[in-house]
């Protein structure tokens, strides 16, 4: 399966903000944004001039795509589904991205990053309503139970991820039993529950051209 192999820290520096792609490292002073907040490359420190409307829309789309770890084709497919749904397209796009099994697993602390959570899903480490699901793009529905598989619960990295997530706290739209490594996807997140640094309207404008 195709993957984006660009270095995670370079992606954050390119977007000029933390995308939380490297797990616990993002919460320490070793984070690349903390040390070098300018864009990567030879001319990174010189960039920052006036950007066109198209440039702003493109950067926002790239940022959102990188946050959730999707390739262009996958992201475009998700957007098309959001545009067909009832409701505000931008908000539906974010809800579909947050409903992905890899993202739900990450939000519940079963992986230190979305990349790690995606790997655990692919390796049959996650159960949805008691059944193994190894598709990261699987859409979790409100009321679904998501749990770490018995053998995977013994992995130290999973135990560490859950413990760290419990310390930081979980989002309002999920409920997690950290001890049992099991959670419930209570509801689709409201727009107010998601980061204000995301401007999904720019993505809608880009695809509406």
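Read-outs: derived from the displayed coordinates by stated rules, not from any lab. Everything numeric here is computed off the predicted structure, so don't read it as measured data. In this analysis, Cβ positions are derived from the backbone assuming ideal geometry, glycine residues included, and neighbour counts consider all displayed protein chains.
Restricting attention to the stretch 124-146, the residues that are in contact (Cβ under 8 Å) with a residue 24 or more places away in the chain and either surrounded by fewer than 22 Cβ atoms within 10 Å (Cβ to Cβ) or within 16 Å of the chain's Cα centre (by Cα) (or both) add up to 14. Whether any residue in the stretch 96-105 is farther than 24 Å from residue 166 by Cβ and surrounded by 14 or more Cβ atoms within 10 Å (Cβ to Cβ) is what I want to check. Checked against the condition, which is being farther than 24 Å from residue 166 by Cβ and surrounded by 14 or more Cβ atoms within 10 Å (Cβ to Cβ), the stretch 96-105 yields at least one hit.
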